[in-house]
Amino acid sequence: MHRHRMKHKRSMIQLLSAVLLNGYMIGFRNGKIYTGKAKAVCVPVLNCYSCPGALGACPVGALQAAVGGGKGHVPFYVLGILMLFGVVLGRVVCGFLCPFGFVQDLLYKIPVPKLHVPKKIDRPARYLKYVVLLAAVILLPVSAAAKTGAAVPYFCKYICPAGTLGGALPLMGADPVLRDLTGTLFDWKLFVLAVVLILSMLISRPFCRYLCPLGAFYALFNRFSFFQMQLDQTKCTGCGACERVCPMEVEVTRNINSAECIRCGKCKGACPTGAISSGFGNKEGTSEPGNEASGKKERRIPE
């Protein structure tokens, strides 16, 4: 019962976040992008600036525009927002606040056969999101600006499926002129979106695992963010229930604060002994693997 309550609560927070970030409902009807003062505010999640309902600016787009401005400006404002959320919450942002993460969670609920990505493929592939962050979001826009004087938002233009879903498709649906202007680039973006959506039905959060530059950025803060997960080794029985339900396939008993953990709390809800807790700062009576104060030897999860 507790597990179902936690699941329901998280889904409601995800839905509320998506609605609040895209609350300009008239934009969907008219096919017009909101351009009010709130659009100058950078939100902490992947939420396309061009979405008709978006009330704020996407940090990835803002970061590309700033670093590709051609004047050597450091995007202190955008980085400050992202670092603030990273230091305080880590990837809680991914697990609870990101609308595109919510879309992937909903798609994974569709009752179709699921795929398991072998570790020898999965683990190296997770580093791809760091390559996307460094190359598509930072280096390529800087290089383009240095050569042409204009910022090119490479990630938004060639990769971002959230922009296609939340921005391009609603705008085209409301404006037939835009539909007539589509070409090869849009076909490519539509293909990327289709692949991500299909994979989301088969694999839990494939975009978050392998491609999201924001996930890569927040992952850098997971180990020392104020919000932490804790595993009490004195209560852990090594049953493996936590790892079986983890949507990011984190090795919970060995590395509960992994960079891949999105703090969704599923492991906490699945633990039959209440060995997993979460919150701001460390709690008394908890310990991580390898902590001699626990007085317990590390347990191995049965295969």
Among the residues of the range 142-165, write down those that are open to solvent by less than 20 Å² (accessible area, probe 1.4 Å), within 20 Å of the chain's Cα centre (by Cα) and closer than 16 Å to ALA62 by Cβ.
PHE155, CYS160, ALA162, GLY163
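Quick grid of which residues meet (1) of a type in the set (D, E, K, R); (2) under 29 Å from LEU140 (Cβ atoms):
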position	(1), (2)
LEU16	no, no
GLY23	no, no
LYS37	yes, no
VAL41	no, yes
VAL45	no, yes
ALA54	no, yes
VAL74	no, yes
VAL88	no, no
PHE96	no, no
Is it the case, given these coordinates, that TYR210 is surrounded by fewer than 16 Cβ atoms within 10 Å (Cβ to Cβ) and under 29 Å from CYS264 (Cα atoms)?
no
Check LYS189 against each of (1) among the basic types (Lys, Arg); (2) more than 18 Å from the chain's Cα centre (by Cα); (3) in a helix (DSSP H, G or I); (4) within 24 Å of GLY90 (Cα to Cα) and name the one condition it does not meet.
(4)
Among (1) surrounded by fewer than 19 Cβ atoms within 10 Å (Cβ to Cβ); (2) touching a Phe, Trp or Tyr at 6+ places or on another chain (Cβ under 9 Å); (3) more than 24 Å from ALA57 (Cβ to Cβ) - the single one ASN255 does not satisfy:
(2)
Anything in the range 215-240 that is open to solvent by less than 20 Å² (accessible area, probe 1.4 Å) and part of a helix (DSSP H, G or I)? List them, or say none.
GLY215, ALA216, TYR218, ALA219
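The values are calculated or read from the model by the stated rules, or taken from the named source; none is laboratory data. Small disclaimer: the values here were computed from a predicted structure and weren't measured. Neighbour counts run over all protein chains shown; Cβ positions are idealised from the backbone, glycine included. Accessible surface areas use protein heavy atoms only, side chains included; no ligands, DNA or RNA. Shrake-Rupley method; radii C 1.70, N 1.55, O 1.52, S 1.80 Å.
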